[in-house]
Every structure is written in C-alpha cells, then in structure tokens.
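The values are calculated or read from the model by the stated rules, or taken from the named source; none is laboratory data. Just so it is clear, the model here is predicted, and its values are computed rather than measured. Counting neighbours? That spans all protein chains shown, and the Cβs are built from the backbone with ideal geometry, glycine included.
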Amino acid sequence: MNDPESNKVKRFVPILVFHKVDPRFEWGVTRITPQKFESILHYLRDMEYTGISLAQAMDNEFDLPSKPIVITFDDSYASIFEHAAPLLRTYGFTATIFVITGYAGNKNLWDVNLGGLTFRHLSWEEVKALSKLGFEIGSHTVHHPDLTRIPCSLLERELIESKEQLENEIGKSVQMISFPFGRYNDSVIDACKSAGYRHGCGFWIRKKSDQPFVFERKAYYLFDGLWTLKVKLDHHWGNSIENMKLRIVNFCSHGTALVKPPKFEQYHD
C-alpha cells in the first residue's frame, strides 16, 4: 500500500528536464550545446549525485540514494541519441525520454521553428536502442497537442495510442507521460489514469491535490548556468525567480499551439 507521507518525500527528488542537446544554432531557448550538457553532468558527478529513473523515484520500496537526481527529456529529439546518451553513459547517469510517437523519425513540423530550422525526432530504431541501454521511455502523446484544449475523444486517443505504440515498439510497460507544454487539468489527469498511466510530468504542481500523480520538474534552458542549476537542485530562495522564468517561457510556448494547431491526420476512422 502506498504511504502518502512517503509519496510526499518523493516529491523532493530534483527532476531536471531538457529538450535539445545539439551543437547547431537555433533561435529558441530549448537547446543547449553538448559541451554545456557535459559540464552539467560533470558537476552532478562531482557533487556525488546519483541518477535514478522516474519509476524509481515513484517506487516507495526503492531505497533512495543520499543525493538522487532524475534527468528527463521532452520531445524525443534525435540529438538525445547522437549527443546526450553517450555523455550520460560516460558519466554514469540515466534518463527518462518522452517520445512524440506520431513524429518518430520525422522533423519537428509541429513546432513553430523560428528561421525555418527543423530538428529530427528519434526514430523507432533509436528509441528501441535507448530502451535496451536502460533508458526509461515515456509518452509525450501522438501529436504534441495542448491536452487541455482538445475534445475528450481526441484526448483519449492521444493518451492511449501513444502508450500502446510505445509498448509495442519497446516491449515494455509505459507508465509515465509528460504533458505537452506542461499543461494539464483535472480532466487530463483523469484521462491519463484511465489510459493506464501511473504518473504525469509537468513543470509545476497546480494544487496539492494533483500530487502524487503529477511530478514537478525544473527545465534547463539556453540562458541557464551553474548558479541556476544549483537553484533547481535544491530548496533555494532563488526558486521563486526560477519559477517565474519558467512560467514566462511556458506562456510563450503556448503560441505554438495557437499558431500551429496539431493536425490529427494519423487517425483514420
């Protein structure tokens, strides 16, 4: 039986979220260079953090290390396979990767892509290879829509079909979902539970009753540095500033859903 108090303790495990780890330039803020990502891993190792998966973070029977850290990736860009995964393995860390199933192996045409720059998503072969290497795989839906703005019928399909396809591809149970744009509400949580997910990931908790289903994460962006990393890893007075920055970036990301609403052409009734 789950212990509510133990679940509260689990929320104190710092969870970082990255997007692109890519040497190419882009106008957005979700990219960091492989060199910067390596400096983060170097710091975490020097500070004696131990990488764990989200499944371990939520497991009340799992004996947490003294300094746990969970590393996650949203959007499943190919740069995870090309740049991030080799560095993670070199430094002894693991990660949880949230896959947009409808764009596997294709470019990120769902995004605004300032300047016309596009980035490829992980192919199914790369997803399966990462899973075999021990990286945890979760769902980031089929088309990356704002789940709070689509009809219930499409919400269910985004959740169920992405989960089923991932499980068919990697041959493992998929228990985690990351909400696109970090947006969720009570209806989304209920639909996720009905679809068989055990936990969801946002960027912050809307209200205490959303716990323990929703994990809060700290995003790391282009403008972040060592000091902000330290803030994200601890209960620091600077967290209020970090949360404000995150909310501003997240608010701006809503423009993607408005400018480029998802096309659900993968569904054929």
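When the residues of the range 96-118 are filtered to those that are surrounded by fewer than 22 Cβ atoms within 10 Å (Cβ to Cβ) and small (Gly, Ala, Ser), the one that is modelled with the lowest pLDDT is Gly115. Restricting the search to helices (runs of 4 or more DSSP H) fully inside the range 125-234 and requiring at least 2 residues that are under 22 Å from Ala84 (Cα atoms) gives 152-170, 226-232. Quick one: in the range 204-220, which of the residues that are under 17 Å from Asp74 (Cα atoms) and in contact with a Phe, Trp or Tyr (Cβ under 9 Å, 6 or more places away or on another chain) is surrounded by the fewest Cβ atoms within 10 Å (Cβ to Cβ)? Filtering the range 204-220 for residues that are under 17 Å from Asp74 (Cα atoms) and in contact with a Phe, Trp or Tyr (Cβ under 9 Å, 6 or more places away or on another chain), the one surrounded by the fewest Cβ atoms within 10 Å (Cβ to Cβ) comes out as Glu216. Say whether the condition of being closer than 18 Å to Ile100 by Cα and touching a residue at least 60 places away in the same chain (Cβ under 8 Å) is met by at least one residue in the range 163-174. Yes. Residue count for the range 54-83 satisfying the condition of being of a type in the set (D, E, K, R) and more than 28 Å from Glu125 (Cβ to Cβ): 4. Quick check: is even one residue across the range 222-234 at pLDDT 85 or above and either among the polar types (S, T, N, Q) or closer than 22 Å to Asn60 by Cβ (or both)? Yes, there is a match, as at least one residue in the range 222-234 is at pLDDT 85 or above and either among the polar types (S, T, N, Q) or closer than 22 Å to Asn60 by Cβ (or both). With respect to the conditions (1) over 15 Å from Lys20 (Cα atoms); (2) outside any loop (DSSP other than H, G, I, E, B), Ile97 falls short on a single one, namely (1).
If you filter the range 175-212 down to residues that are touching a residue at least 60 places away in the same chain (Cβ under 8 Å) and touching a Gly at 6+ places or on another chain (Cβ under 7 Å), you find that the one that is nearest to Thr148 (Cα to Cα) is Gly182. Please indicate, with yes or no, whether at least one residue in the range 33-41 is under 20 Å from the mean Cα position of the chain (by Cα), surrounded by fewer than 21 Cβ atoms within 10 Å (Cβ to Cβ), modelled with pLDDT under 95 and more than 23 Å from Pro180 (Cα to Cα). Within the range 33-41, not a single residue is under 20 Å from the mean Cα position of the chain (by Cα), surrounded by fewer than 21 Cβ atoms within 10 Å (Cβ to Cβ), modelled with pLDDT under 95 and more than 23 Å from Pro180 (Cα to Cα).
The listed residues are His144, His83, and the only one of them that is closer than 26 Å to Phe213 by Cα and buried (at least 19 other Cβ atoms within 10 Å of the Cβ) turns out to be His144. Within the range 32-63, the set of residues being in a loop (DSSP other than H, G, I, E, B) and over 14 Å from Ile15 (Cα atoms) comprises Thr33, Met47, Glu48, Asp59, Asn60, Glu61, Phe62, Asp63.
A count restricted to the range 133-162 and to residues that are at positive phi and in contact (Cβ under 8 Å) with a residue 60 or more places away in the chain stands at 1. Flag: His121 does not match the condition of being surrounded by 17 or more Cβ atoms within 10 Å (Cβ to Cβ) and touching a residue at least 60 places away in the same chain (Cβ under 8 Å).
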